[in-house]
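Asker: The structure under discussion is supplied below as C-alpha cells; questions concerning it will follow.
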Amino acid sequence: MKSTNTYNKNLVVIIAAVAATGELLFGFDTGVISGAIPFFQQDFRLTNSMVENITTAGLVGAVIGAMFTGRLSDIFGRKKTILSAAIIFVFGAAWSGWAPNPQVLIAARLFIGLAIGISSFSVPLYIAEISPSKMRGRLVSLFQLLITIGILVSYLSDLAFANNEVLSSWRPMFYAGIIPGLILLIGMIFLPETPRWLMSKGREGESRKILQRIEDPTLVEDSIRRMKNEIEKDKKKAGFKEIFRPWLRTALIIAVGIMFIQQFVGINTVIYYSPKIFMIVGFEGARAGIWGAVSVGVVNVLFTILSLFMIDKLGRRKLYFVGLSGIVFSLIALGLVFAFHTVLGDFGKWMAIAFVWIYIAFFAISLGPLGWLIISEVFPLRVRGIGSSIGSLSNWLFNGVVAFTFFKIVKLFTAPGTGIITHERMYDEVTHTFVTHTVDNGNPAGAFWFYAFIGILGLVWGYYFLPETKDVPLEKIEEHWRKGGKSRELKA
Ligand code: BGC
C-alpha cells in the first residue's frame, strides 16, 4: 500500500510538471517575440507595420488553433491533441529561427500560433481531467501564474542571446523554444490519456486502470460513478444556439466584455513591445530594452502570486475597480512622461519604467487573473464549455487587434513635431560596418491616453456588468440569470 502511495504521488507530480510545461510554453511563445523584434526589425530592415504583421500572425494562429481544439480533443483525445501541439511547438520554433525572410517568419509564427491556441485550451482541460479531485480548485489561478512565468522565462532567454553587435541574435531566441517543446513532447509520450475522455469513449477498463494509478484508492469507484454521471449529463449538453438565448445574454456580455477591457487597456503592447518602448524613451541598445522587459516580467510574476491570495478574500469587484483605477492612473502618467520627455531628459526613462511597473502590478492583481476566472464562472454548466471558449476566443481576437494596431495608433495620435527621434545603429551591407540612422518613432503618449480612456469606459462598464461571484455557488449564478437579475445585484 505504502509503495503504491509513493508511486501515485510521483506520477501526479510528473503529470503536473509536464502539463505545466504546456502552459509555460503558451507564455513563452507569446513573450519570446518581444526581445526578438529589435533584432529582426534591423536584420530584415522592417517598418513598424511589418513588425505588427509578424507579431499578429502568431495571434491569428492562436485564434484558429483555439477554434478547432474543442472538437479535435473530443475526437482524438486530450493526449494526442497536446502531442500534436508539442510537435508544432518544436517545428514552429525551428522554422521561426531559420526564417530567411519576413514572409517565411510570418508563416512560421502563424504555425506556432496554432500550438499556442491548441495548448491554451487543451492543457488546462487535460490537467483538470487528470488531477486528483482535491487539487482541482487551484487550477484556474495557477493557469495565469504559469503564463506569466512562461513570459518571464522567454524574456530571460531573449536576454541571454541578445548581443547588440550581432543582428541575427533573434534566431537563437526562437530556437530556444525547441527545448521546452521537446520536454512537453517526450514527457507527454509517457503520460496517460485522461480517464474522463476514455470513459466518454466507452473504454471503462483503461479508464479505471489509470485512475488507480493517480487517484486516492478510496476514491476510485466514486470518481468512476461521478464521471459516468457527468457523461450522461453531457449528452444533454446544449448546442451552440443555446448560448445566444436572451436569458444568457448578460453572461455573454460579461465574458466578452471583460476580455475586451483586459486586452484594450493595452497589456500586450507592454508584453510584446516593451523593449522597443524602452528603447524609444532612452534606453540605449536592444539589450538595455530587454533588461527593462525582464524587470516587467518579474513584477508581473510577483503580483500574480499576490493576486492568488487576494482574489478570494477581496472579491472580484473590489479587485477590478482597484486594479483598473491603478491601470488608468499609470497609463495617464506614462503618457505624460512621453509627452514631456524633452523636459524630463534622462530622468524620463526611469519614470517611464517605474510607471510600466505600476501598470503591470495593477494588471497582474486584477484584470489578468480576473478575465480567465470570470469566464469560467458566469455560465451555467450546460453551456460552460461553449461559453468559456467564446471568452478565450475573444481574448485572442482582441489581443490580435491591439497588437496589430499599436504602432498605427501611436502614429495616428502623434501631434506634428512631437515624434521621438532615436539614433539606431544599422548594419550596412556595402561597407560591412554599422552606421547610425535617425528614426522618427512618433510619440506613444496619445496611444497610452487612448488605452486609459478605454480603461475609464471599463470602470463604467464594470459598475453595471461585473458580477461579484465570490462565495456564490455556481448554481445560484444560473438562477440569477434565469430570473433576469441584474449583474451588479448578484450576491452570496
Ligand atoms: C492575458 C494575456 C497577457 C498576460 C500577461 C493574460 O491574462 O490574457 O494576453 O499577455 O495576461 O500576464
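The values are calculated or read from the model by the stated rules, or taken from the named source; none is laboratory data. Values in this document were obtained by computation on a predicted structure and should not be read as measured data. All Cβ positions, glycine included, derive from the backbone under ideal geometry; neighbour counts span all protein chains shown. Remember, those area values only see protein heavy atoms, side chains included, never the ligands or the DNA or RNA. Shrake-Rupley method; radii C 1.70, N 1.55, O 1.52, S 1.80 Å.
Asker: Exactly one condition in (1) buried (at least 21 other Cβ atoms within 10 Å of the Cβ); (2) within 30 Å of Asp43 (Cα to Cα) is false for Leu182; which is it?
Answerer: Evaluating Leu182 over (1) buried (at least 21 other Cβ atoms within 10 Å of the Cβ); (2) within 30 Å of Asp43 (Cα to Cα) leaves (1) as the failure.
Asker: From the residues in the stretch 16-54 that are hydroxyl-bearing (Ser, Thr, Tyr) and open to solvent by 10 Å² or more (accessible area, probe 1.4 Å), which one is farthest from the ligand (Cβ to nearest atom)?
Answerer: Thr47
Asker: Among the candidates Gly442, Gly387, single out the residue that is surrounded by 16 or more Cβ atoms within 10 Å (Cβ to Cβ) and part of a loop (DSSP other than H, G, I, E, B). Talk me through it step by step, then tell me what you get.
Answerer: Values: Gly387 fails: part of a loop (DSSP other than H, G, I, E, B).
Just a single option satisfies the conditions, and that option is Gly442.
Asker: Moving on to the next point. When you check Lys408 against the structure, is it among the charged types (D, E, K, R), over 18 Å from the mean Cα position of the chain (by Cα), under 24 Å from Ala447 (Cβ atoms) and open to solvent by 40 Å² or more (accessible area, probe 1.4 Å), yes or no?
Answerer: Taking the combined requirement at face value, the residue satisfies it.
Asker: Just checking, how many residues over the stretch 261-291 are small (Gly, Ala, Ser), more than 11 Å from the ligand (Cβ to nearest atom) and under 20 Å from the mean Cα position of the chain (by Cα)?
Answerer: Adding up the residues that qualify gives 1.
Asker: Considering only the stretch 171-239, give the helices (runs of 4 or more DSSP H) lying wholly within it that have at least 1 residues that are of a type in the set (S, T, N, Q) and in contact (Cβ under 8 Å) with a residue 12 or more places away in the chain.
Answerer: Where helices (runs of 4 or more DSSP H) fall fully within the stretch 171-239 and carry at least 1 residues being of a type in the set (S, T, N, Q) and in contact (Cβ under 8 Å) with a residue 12 or more places away in the chain, they are 195-200, 204-214, 220-235.
Asker: Is it true that some residue in the stretch 382-401 is touching a residue at least 40 places away in the same chain (Cβ under 8 Å), within 16 Å of the ligand (Cβ to nearest atom), under 18 Å from Gly446 (Cα atoms) and within 15 Å of the chain's Cα centre (by Cα)?
Answerer: yes
Asker: Turning to a different aspect of this structure: Which residues, counting only those in the stretch 452-492, are hydrophobic (A, V, I, L, M, F, W, C), farther than 17 Å from Val322 by Cα and not in a loop (DSSP other than H, G, I, E, B)?
Answerer: If the condition is that a residue be hydrophobic (A, V, I, L, M, F, W, C), farther than 17 Å from Val322 by Cα and not in a loop (DSSP other than H, G, I, E, B), then Leu474, Ile477, Trp481 are the ones that fit.
Asker: OK, next. Report, ordered by the first and then the second residue, all pairs with beta carbons closer than 7 Å, sequence separation of six or more or different chains, a first member in the stretch 461-481 that is of a type outside the set (Val, Ile, Thr), and a second member that is at pLDDT 90 or above and part of a loop (DSSP other than H, G, I, E, B).
Answerer: So the pair list comes out empty.
Asker: For the structure I just gave you, tell me whether Leu344 is in contact with a Pro (Cβ under 8 Å, 6 or more places away or on another chain) and not basic (Lys, Arg).
Answerer: no
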